[in-house]
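Structure, as structure tokens:
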Amino acid sequence: MRIQVIDDDVALAEMISIVLRDQGFDVDVSHNGRAAVDDFDDWNPDLVLLDLMLPGLGGIAVCERLKAKSDVPIIMLTAKTDTQDVVAGLEAGADDYISKPFKPAELVARVRARLRSLTPQEAVRLYVADLVIDVEAHEVKRAGKPLLVTPLEFRILTTLAAAPAHAFTRDELLDQVWGYSYKADTRLVNVHIQRLRAKVEIDPENPKVVETVRGVGYRAGAVTS
Amino acid sequence: MRFLGWVKRLWGRSLLTRSIITMVACTAIAVTLGSYLMIALTSSSLFEARRERVLLSANRAASQAQSMLSASSVSSQANVQSLLYSVLATTESVTASQNVALLRTPGQADSASLDVTSSAVNRTDIPLALRSKVGKDPGQIWWQSIALAENGNPGIVAGVGLNVPSSGLHELYIVYDLGADQVTLRHLEWMLVVGGIAIVLLVGLITWGVVGRVLRPVKDAANTSEKIAHGDLTQRMRIRGNDEVTTLATSFNSMANSLQVKITELASLTQMQQRFVSDVSHELRTPLATIRLAADTIYAKREGFDPVTARSSELLFDQTNRFETLLADLLEMSRFDAHQSELDLMSVDLGQVTRRIVTDMHDVSVAQNSELSLKVTGDVVVDGDSSRLERIIRNLVANALEYGAGTPVEIQVAGDDNSVCVAVQDYGEGLTRAEMERVFDRFWRKDPSRERTLGGTGLGLSIASEDTALHGGRLDVWSNQGEGTCFRLAIPRTFGDKITGSTSLPLRLPLHQDDATGNVLLGGQA
């Protein structure tokens, strides 16, 4: 498995590489944003670790560019934990984020969680609100027209749809979709649900596909079609 | 009654109203007193003058009547009677009064002559007191003030004795009507009332004008202050003339100037502090991240080191942990100070949160030999930031385990309509009064020399109290030396509400509360 580390701090980038290589990963390092995008094309990593604060092309811009190219999972590294910085990164397309400093075990766990091939769902077809989900083909359709969602968003949708009566807490979603819940930030869930809604809801202000259950979390909307 | 309340409010709120009301009241009192005095004096002098004229007239009439009587030489009854009638008529015309009476003095020998009176006379107008005076001393004129029976007007009755030939002593009474004078007095009274009211109104108007003028700069100052208080620091007073008011305006303006400078300075300081927080945050964390990874990696491989290096790696690992916690706490405090803390509001079940903490701290409670128990009663959901609330409760439980000295740690979670409380009680050494006051201070530790078993930076309770304040809640401590300590957190159910009255949990829990329902016992003696 190949990991691309993008961080302008040379020492940190090297230390991260040491840790990951020790765990059996191949690691390449980029030190600025512009180089990172080019390196990505050359190396074709399976996962990207991206520091938000980059000179030149900023971390958010790099994230957007990489996501435009492929669905490779991106984990943000950030020294800032202010909500607006985190949310900005997540909205740029990052799948997860870790705040510095972090333990090596944490980093490795998150990396593995993102690289784990998603366990196959039992169902072949799932229904939620007026959508049809073809699990094998990884497609979501409304009235025959496919909707584009990222693998993570697809995963959220199928998790909710597979247990239609169950109201998932944010921790449960983190566990089932992201692969962990210890020391997790539920803002991850909030932002990704919002992004999902923006893509699949007819009216994101009045969600019918992913319903909010006050005091608990989220639930798949009732099947209508 | 409501009018009175309105007047009271107006009195309190306006200097002008107070001045006007005071001036008007004083003027009204002065005018009223003066008017009374004037009327009393005028009335009595009018009366005096009238009485003099009355007595003069009565005197003249009496002498004329007496000379008429003395000059006649009648003897028969009928002649006496007609003589009396003509005396009566003369007196009437002399005094121009239709109210004359010629009465025979009682107590004399019987006679045939009768009393003669004018047509208008009312016998009740002649008081008995006067008759007896005239009877005793008929030689001089007696008088008395009366109220006329016919029309209620004030009047004077004058009486004198007359000698009637062949008939003895008679008494002549003349009743004078003072009604006209009364009318004059009434007119005077009316004029005074109208004049008085006019004066009072005039005084009120003048006060309004003059005082209003004088108070204008004061009002100006008040308005300018209000605008400044609302945020417009550039407002100033107008400076005119060269009197005391000018001095007021000049001083006010210089005060406003220094206020503006200070506030602008403070605002930029706060900005600097906020920038500091985010800059330091970034700058410190990146090298710390590298150190963290390196320390952890070395620590993980310490088995393969020689004892010196192995021990060094342990110390490095421990202290890196401590440094990381300290940095995180310091940055959190900076954020509180710079008012940069954000509240991520959600519905939080405090029972669930506490249960999770109790489970997490199970191993610690075993190590400390402290039995951890939790009791959750009813609906304990609040609006809040779940990570902050968890941090608070975690800190309270950790402190209880650390300082509980092996005694049981009891946690209760309960709520009422207004708020939900979490109370953490231990039965350890307790705190003195002085210690209780300082327990929330930054970096205050109960015993500085104490070995820190659970880590801790001395900032735990400070951060907990700031987190509580963010929620609009309360964090109280109760303790008795040798008995134990109880920390009670109260969070309002709805964000924005205030904690009202007594909360749902007492501050002091009784020892080993015996309750079978809903009790969850964890940890404790192995």
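The values are calculated or read from the model by the stated rules, or taken from the named source; none is laboratory data. Just so it is clear, the model here is predicted, and its values are computed rather than measured. Here Cβ is always computed from backbone atoms with ideal geometry, including for glycine, and neighbour counts include all displayed protein chains. These accessible areas exclude ligands, DNA and RNA; they are computed on the full protein's heavy atoms, side chains included. Shrake-Rupley method; radii C 1.70, N 1.55, O 1.52, S 1.80 Å.
For B:403, B:173, the ranking by accessible surface with the largest value first comes to B:403, B:173, using a 1.4 Å probe.
Kirkwood analysis of chain B, using all unique Cα-Cα pairs, places the hydrodynamic radius at 34.8 Å. Largest first, the extents of the alpha carbon coordinates of segment A:1-100 on the three principal axes equal 34, 27, 23 Å. Averaged over peptide A:101-114, the number of partner chain Cβ atoms lying within 10 Å of each residue's Cβ comes to 3. Using only alpha carbons, chain A has a radius of gyration to Kirkwood radius ratio (Rg to Rh) of 0.98.
Within a straight-line Cα-Cα reach of under 18 Å, residue A:199 can be paired with the following aspartates and glutamates, leaving aside sequence neighbours fewer than 8 residues apart in one chain: A:64, A:71, A:91, A:95, A:130, A:134, A:139, A:153, A:211. Overall, the ratio between the Cα radius of gyration of segment B:61-104 and 2.2 N^0.38 Å, rounded to two decimals, is 1.11. A probe of 1.4 angstrom, applied to the heavy atoms of all protein chains, finds residue B:325 with accessible area near 70 square angstrom.
In segment B:246-295, the residues that give up 30 Å² or more of accessible area when the other protein chains are added, compared with the chain on its own (1.4 Å probe), are B:278, B:282, B:285, B:286, B:289, B:290, B:292, B:293. Accessible surface buried by the A/B pair amounts to about 2100 Å², both sides summed, 1.4 Å probe. Binning the alpha carbon pair distances of the protein assembly as shown at 20 angstrom intervals from zero yields the distribution 12, 26, 20, 11, 8, 10, 10, 4, 0, expressed in whole percent.
Other residues lying with their Cβ under 13 Å from the Cβ of residue B:151 contribute a combined charge of -3, Lys and Arg counting +1, Asp and Glu -1.
Restricting to the protein assembly as shown, compute how many DSSP beta bridges are antiparallel as a %, nearest 5. For the protein assembly as shown, the DSSP antiparallel bridge percentage is about 75.
For segment B:144-204, the mean projected area of the C-alpha convex hull, equal to one quarter of the hull surface, is 5.8 nm².
Principal axis analysis of the Cα atoms in segment B:66-195 yields extents of 64, 27, 22 Å, listed in decreasing size. Across segment B:83-148, counting alpha-carbon atoms alone, Rg and Dmax equal 12.4, 33 Å. Return one number: the angle in degrees, 0 to 90 and rounded to the nearest 10, between the long axis of the Cα atoms of helix B:386-403 and the longest principal axis of the Cα atoms of chain B. Long axis of B:386-403 versus the principal axis of chain B: about 70 degrees. With a cut-off of 13 Å between beta carbons, the residues surrounding residue B:358 carry a summed charge of -1, where Lys and Arg count +1 and Asp and Glu -1.
Normalised by 2.2 N^0.38 Å, where N is the number of residues, the C-alpha radius of gyration of segment A:175-225 stands at 1.23. Ordering A:103, A:67 by accessible surface, largest first, gives A:103, A:67; the 1.4 Å probe counts only protein heavy atoms, with every chain in place.
For segment B:133-285, pairs of C-alpha atoms spaced more than 26 angstrom apart make up 69 percent of the total. For chain A, the 222 nm mean residue ellipticity estimated from helices alone, with every DSSP H stretch of n ≥ 4 adding -39500 (n - 2.57) and the total spread over all residues, rounds to -11500 deg cm²/dmol. Kindly work out what percent of the DSSP beta bridges joining two residues of segment A:12-163 are antiparallel, to the nearest 5. Around 60 percent of the beta bridges assigned by DSSP in segment A:12-163 are antiparallel ones. Once ligands and nucleic acids are excluded and a 1.4 Å probe is used, how much of residue A:14 is accessible, expressed in Å² to the nearest 10? Per-residue accessible area (residue A:14): approximately 110 Å².
Per residue of B:344-352, other chain Cβ atoms within 10 Å of the residue Cβ number 2 on average.
Of the residues B:391, B:2, B:292, B:442, ranked by 1.4 Å probe accessible area with the largest first, the sequence reads B:2, B:442, B:391, B:292.
Short-range pairs are left out: with C-alpha atoms under 8 Å and at least six residues apart, the relative contact order of segment B:363-416 is 62 percent. Accessible area per residue was computed with a 1.4 Å probe on protein heavy atoms; residue B:29 scores about 100 Å². At full extension, residue B:206 and residue B:343 could sit 43.3 nm farther apart than now, given 0.36 nm per residue minus the alpha carbon distance.
Placing pseudo-labels 7 Å out from each Cα toward the beta carbon at residue B:71 and residue B:244 gives an inter-label distance of 8.3 nm.
Taking the C-alpha atoms only, the angle from helix B:77-95 to the longest principal axis of chain B is near 50 degrees. Approximating the spin labels as points 7 Å out from Cα along Cα→Cβ, the residue A:69-to-residue B:26 distance works out to 9.2 nm. Taking Cα atoms only, the orientation of helix A:59-69 departs from the longest principal axis of chain A by about 60 degrees. Here's the list of lysines a cross-link from residue B:219 could span, going by alpha-carbon distance under 19 Å and ignoring same-chain residues fewer than 8 apart: B:227. Taking the three principal axes of the alpha carbon atoms in segment B:287-390, the coordinate ranges are 57, 40, 18 Å, sorted in descending order.
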